[in-house]
Amino acid sequence: MPDTVLSLSHASLSLDGNAGKVDILHDISLDVYAGETLGLVGPSGSGKSSLLMLMGGLEQATSGTITALGENLTAMTEDGLARFRRYNMGVVFQSFHLIPTMTALENVATPLELAGVADAFDRAEAELDAVGLATRADHYPGQMSGGEQQRVALARASVSRPRILLADEPTGNLDVTNGSAIMDLLFDLRDKHGATLIMVTHSADLAARCDRVITLTDGRIT
């Protein structure tokens with residue numbers, strides 16, 4: 001059996017809303033294995049993105065435990081979670097989340113610089129080349145198309161060679177042509193670096209390329 005890289009045991013999530021506490025996820029137990037691609041699907045509001053945030057330590061579970069690479073994420077401080085993500089996880093969001101005042105090269109180099117990597121910019125340049133943006137390294141996000149910005153986001157997520165790659169609707173803001181190109185790049189990066197890929201998607205085509213698909217409804221795995 002492959003190694004388990006991420007495990008949720010009876011994890012639940014509740015958040016405070018305007019009308020009081022809102023239960024988002026209910027009693028989620030799930031193992032994710034090394035090298036697999038897991039798709040998270042379900043209707044809007046079913047908890048897919050919230051589950052991905054729990055897996056990345058971007059939200060803390062209200063109850064239950066989440067373990068990644070043998071580390072208990074639910075016992076970590078915010079600083080501890082940030083350090084863990086820096087060295088072990090890459091995250092790609094639907095809305096890119098690039099730093100607008102930084103060039104593409106600077107955006108990709110940032111996680112390496114934070115980790116104290118000496119050749120951060122050389123590695124960032126190579127990663128931009130890998131996603132077909134070598135000639136756009138000095139451009140700012142506002143000077144780039146949506147597809148180009150998502151390529152930069154992919155390069156930034158993969159440049160530190162994370163063991164776990166999380167993607168939240170990575171093609172959701174793109175047209176069909178750019179979305180298809182990003183899909184191919186995402187799976188190419190997974191294969192190139194041997195990462196475990198966990199992805200939220202509404203795309204049936206993207207889900208079909210996953211090794212396993214988990215469906216959520218009303219915050220529960222169905």
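Suppose only helical runs count, i.e. DSSP H with n ≥ 4. What mean residue ellipticity at 222 nm does that imply for the chain under -39500 (n - 2.57) per run, divided by all residues and rounded to the nearest 500 deg cm²/dmol? Please report the intermediate quantities before stating the final value.
Details: 7 runs with 77 residues, N = 222.
Helix-only estimate at 222 nm: -10500 deg cm²/dmol.
Magnitude of the Cβ-charge dipole of the chain, K/R +1 and D/E -1, about the Cα centre, nearest 20 debye?
On the way: 16 positive and 28 negative charges, 42 e Å.
My answer is approximately 200 debye.
Work through the residues other than residue 182 whose Cβ is under 14 Å from its Cβ and net out their charges, Lys, Arg +1 and Asp, Glu -1.
Details: positive: 151, 156, 190, 209; negative: 148, 168, 169, 175, 184, 188, 205.
Value of the local net charge: -3.
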Relative contact order as a percentage, the range 1-53, C-alpha pairs under 8 Å and 6+ apart, gives 35
Restricting to Cα pairs under 8 Å and 6 or more apart, the percent relative contact order of the range 5-93 works out to 32
Could you work out, for the range 107-183, what percent of all Cα-Cα pairs fall into each 5 Å distance bin, beginning at 0 Å and stopping at the bin that holds the largest distance? 3, 16, 27, 24, 19, 8, 2, 0
Compute the angle between helix 78-88 and the longest alpha-carbon principal axis of the chain, please, reported from 0 to 90 degrees and rounded to the nearest 10. 60
How many angstrom lie between the C-alpha centres of the range 1-37 and the range 152-212? 20
Angle check, please: helix 146-158 long axis (alpha carbons) against the longest principal axis of the chain (alpha carbons), in degrees 0 to 90, nearest 10. 70
Based on Cβ point charges of +1 for Lys and Arg and -1 for Asp and Glu, what charge dipole magnitude is obtained for the range 156-222 about its Cα centre, in debye rounded to the nearest 20? 380
Please state the relative contact order of the chain as a whole percent: Cα pairs under 8 Å, 6+ residues apart? 29
Nearest 10 degrees, 0 to 90: helix 176-193 Cα axis against the chain principal axis: 80
Residue 117-residue 99 pseudo-label distance in nm [points 7 Å out on the Cα-to-Cβ vector]: 1.5
For the chain, what size does the Cα cloud have along each of its three principal axes, sorted from largest down, in whole Å? 47, 44, 38
Identify which of 195, 109, 134 has the largest mean-square fluctuation in a Gaussian network model of the chain, with springs joining Cα atoms closer than 10 Å. 134
Can you give me the Cα centroid spacing of the range 52-68 and the range 74-143 in angstrom? 22
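Fully extended, how many nm does the chain gain between residue 82 and residue 9 (0.36 nm per residue separation, minus their Cα-Cα distance)? Can you show the working numbers first?
Values: separation 73, 0.36 × 73 = 26.28 nm, distance 2.16 nm.
Once the chain is fully extended between residue 82 and residue 9, it gains 24.1 nm.
Any read-out appearing in this document is the output of simple, stated calculations on the displayed coordinates, not a laboratory observation. Note that this is a predicted model, so its numbers are computed, not measured. Methodologically, a virtual Cβ is constructed for each residue, glycine included, from the backbone with ideal geometry; neighbour enumeration extends over all protein chains shown.
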